[in-house]
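The structure under discussion appears below in the form of structure tokens.
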Amino acid sequence: MPAEVRRSRTQVGIVGAGPAGLLLSHLLARRGIDSVVAELRSREYCEARQRAGVLEQGSVDLLRAAGLGGRLDAEGLEHGGIYLQFGGERQHLDFRELTGRTVTVYAQTEVVKDLIAARLAAAAAIEFEVTGTEVAGLETDRPVLSFTAADGGRHEVTCDVIAGCDGFHGICRAAIPAARQTVSEREYPYAWLGILARVPPSTDELIYAHHRRGFALHSLRSPAVSRLYLQVPPGTDVAAWPDDRVWAELQTRLGRPGWDLKEGPVLEKGVTPMRSYVSEPMRHGRLFLAGDAAHIVPPTGAKGLNLALADVAVLAQALGALLLEGRAGLADAYSDTCLTRVWRSTHFSWWMTTMLHPTPGADAMESRLQLAQLRYVTTSRSAATSLAENYTGYPPLLPGAG
Ligand SMILES: Cc1cc2nc3c(=O)[nH]c(=O)nc-3n(C[C@H](O)[C@H](O)[C@H](O)COP(=O)(O)OP(=O)(O)OC[C@H]3O[C@@H](n4cnc5c(N)ncnc54)[C@H](O)[C@@H]3O)c2cc1C
């Protein structure tokens, strides 16, 4: 006998409890709109997944306006610039002075913890550890989100709208007929080996280093924890990189006379592929894609998390107009509105990536061009301002987060 299906109704069915899905659920609730969130992983897994760590000023403003600024304001580290290191020199770009804007180092794990705590405190419907997620009826005005809950019960939730916030490997983008999607994709011939280390940062701001042996990045997570990355070949096995090899390579690529890179216990180590990917449009019928479900950028520009948050700020407002007032204009414009920012960030991330990473096998010409570009952005005020403007992000596309 097939198990009984539990049928229910909500306004917005949300697939995925990453930053996009959780913030969307929170912003919708502030407008009085119900949602159900279905998430593949456990709460503990979602809260521990190490990913991004740099928030644009617009993302910080958005989280604050949505009532999520408490721990962010207490523990986030405001940064007024970055260092670019190349050809034996380390130059500082002062974002505050160039643009009046800053970024904030606050780990994605903390953003997710804050969002889950806020949603659960509001008795929100979040189902962790679901399996068999499916979406159907996307071209009708009653799409259906189905999943098997952790207790084995099969659920069918009838919705007004479904939000696909299920990341790059989710099921929602795949539910759009291929003939209705345009995909733009670029794989880069390198990956990042990242470590999280229990050691105070050796720098006050992020260091992006161009080195003939490969790119390196010194990022930060907190006063006691550092995040560091090395350019490695795609498909690199972390087992080939014991901790002492990682530290030795970081010392070589980041090292400078008179500057000390402090070492400490490695808490986590992983390899991230580098890819640019955009699937357009970000809407099909009553399915709206947001965040990594629709687009991926290489992490060099620190844009992935910020794009995910920006998408759902636009989507919450559009769904408010559609579901509360019957006005479809913002929902109809959702994809184009988001894609303007997505493509700007896609270009910036590609530009930062190709300026800072030596392509394996490239001739000396590439290196000279990269160094010329790095020298230009660190000596021309207008070039530096352009980098700073892109890095700190654009003002929110739509006012009002709540
Ligand atoms: C290893 C790694 C390192 C990164 N580092 C950086 C960085 O340094 N800087 C930066 O800006 N960005 C970085 N990013 C990108 C950034 O983390 C993402 O852009 C951000 O997580 C996007 O949020 P999201 O909510 O759209 O997607 P996700 O965070 O991927 O969330 C999607 C959620 O959907 C769930 N899900 C998937 N399939 C299903 C299903 N079938 N049913 C139900 N739930 C499902 C997933 O479990 C997940 O919880 C990194 C990404 C990765 C993978």
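As a test of understanding, state the convex hull volume per residue of the chain from its alpha carbons, in Å³.
Working: hull volume 60.7 nm³, N = 402.
In the chain, the Cα hull volume divided by residue count equals 151 Å³.
Hey, what angle do you get for helix 381-392 against the long axis of the chain, alpha-carbon based, 0 to 90 degrees rounded to 10?
For 381-392 against the chain, the angle is about 40 degrees.
Sort Arg227, Arg275 by heavy-atom solvent-accessible area, probe 1.4 angstrom, most to least. Intermediate results must be reported in sequence, preceding the final value.
Details: Arg227 20, Arg275 50 Å².
Sorted descending by solvent-accessible area, the residues read Arg275, Arg227.
Starting from 0.36 nm per residue, how many nanometres of slack lie between Thr272 and Asp73 once their C-alpha separation is accounted for?
On the way: separation 199, 0.36 × 199 = 71.64 nm, distance 2.90 nm.
Going from the current span to full extension adds 68.7 nm.
Which one, Leu254, Pro234, Val266, is farthest towards the positive end of the dipole of the range 226-269 when Lys and Arg carry +1 and Asp and Glu -1 on their Cβ?
Leu254
When the helices in the chain are scored as -39500 (n - 2.57) per DSSP H run of 4 or longer and the sum is shared across all residues, what 222 nm value do you end up with, to the nearest 500 deg cm²/dmol? Working shown, then result.
Details: 11 runs with 142 residues, N = 402.
-11000 deg cm²/dmol, from helical runs alone.
Compute the acute angle (0 to 90°) between the alpha-carbon long axis of helix 243-254 and the principal axis of greatest extent of the alpha-carbon atoms of the chain; round to the nearest 10°.
The angle comes out at about 70 degrees.
Report, to the nearest 10°, how far helix 304-325 tilts away from the longest principal axis of the Cα atoms in the chain, using its own Cα long axis and a range of 0 to 90°.
In the chain, helix 304-325 runs at an angle near 20 degrees to the longest axis.
Over all pairs of distinct alpha carbons, what does the Kirkwood formula give as the hydrodynamic radius of the range 135-248, in Å?
Values: mean 1/r = 0.0537 Å⁻¹.
Over the range 135-248, the inverse of the mean reciprocal pair distance is 18.6 Å.
Once you've got the GNM for the chain with C-alpha springs shorter than 10 Å, pick whichever of Leu98, Leu356, Leu230 has the biggest mean-square fluctuation.
Per the Cα network of the chain with a 10 Å cutoff, Leu98 tops the list.
Dividing the alpha-carbon Rg of the range 1-137 by 2.2 N^0.38 Å yields what?
After normalising by residue count via 2.2 N^0.38 Å, the value is 1.34.
With the crude spin-label approximation of a point 7 Å out along Cα→Cβ, what separation in nm comes out for Ala122 versus Val5?
The two pseudo-label positions are separated by 2.9 nm.
How do 337-347, 135-145 rank on mean C-beta neighbours within 10 Å, highest first? Please report the intermediate quantities before stating the final value.
Details: 337-347: 19.3, 135-145: 16.5.
In descending order of packing, they fall as 337-347, 135-145.
In debye, nearest 20, what is the charge dipole magnitude of the chain about its Cα centre with +1 on Lys and Arg Cβ and -1 on Asp and Glu Cβ, if you could check?
About 380 debye.
Semi-axes, largest first, in whole Å: what does sqrt of 5 times each Cα gyration tensor eigenvalue give for the range 57-105?
Details: eigenvalues 153, 26, 10 Å².
In descending order the semi-axes read 28, 11, 7 Å.
Relative contact order (percent) for the chain, with alpha-carbon contacts under 8 angstrom and 6 or more residues of separation?
On the way: 832 pairs, mean separation 85.5, N = 402.
In percent, rounded to a whole number, it is 21.
Just need the relative contact order of the range 76-208 here, percent rounded to a whole number, with Cα pairs under 8 Å and 6+ apart. Spell out each step's value before the answer.
Details: 135 pairs, mean separation 28.5, N = 133.
Reported relative contact order: 21 percent.
Expressed in nm to one decimal, what extension gain is obtained for the pair Arg375 and Glu97 from 0.36 nm per residue of sequence separation less their Cα-Cα distance? Kindly include the intermediate steps, with their values, before the conclusion.
Numbers: separation 278, 0.36 × 278 = 100.08 nm, distance 1.89 nm.
Extra length from Arg375 to Glu97 when fully extended: 98.2 nm.
Return the single residue from Gly67, Gly152, Gly21 with maximal mean-square fluctuation; model: Gaussian network over the chain, springs between Cα atoms under 10 Å.
Top of the fluctuation ranking is Gly152.
Ratio of the range 263-402's C-alpha Rg to 2.2 N^0.38 Å, to two decimals?
Details: Rg = 18.6 Å, N = 140, 2.2 N^0.38 = 14.4 Å.
Dividing the Cα Rg of the range 263-402 by 2.2 N^0.38 Å gives 1.29.
Roughly what % of DSSP beta bridges within the chain run antiparallel, to the nearest 5? Working shown, then result.
Values: 55 of 77 bridges.
Of those bridges, close to 70 percent are antiparallel.
The values are calculated or read from the model by the stated rules, or taken from the named source; none is laboratory data. The structure presented is a predicted model; accordingly, all values stated were derived computationally and were not measured. Don't worry about glycine lacking a Cβ; one is built from the backbone with ideal geometry, like all the others, and counts go over all protein chains shown. In case anyone asks, the SASA skips ligands and DNA or RNA and just uses the protein heavy atoms, side chains included. Shrake-Rupley method; radii C 1.70, N 1.55, O 1.52, S 1.80 Å.
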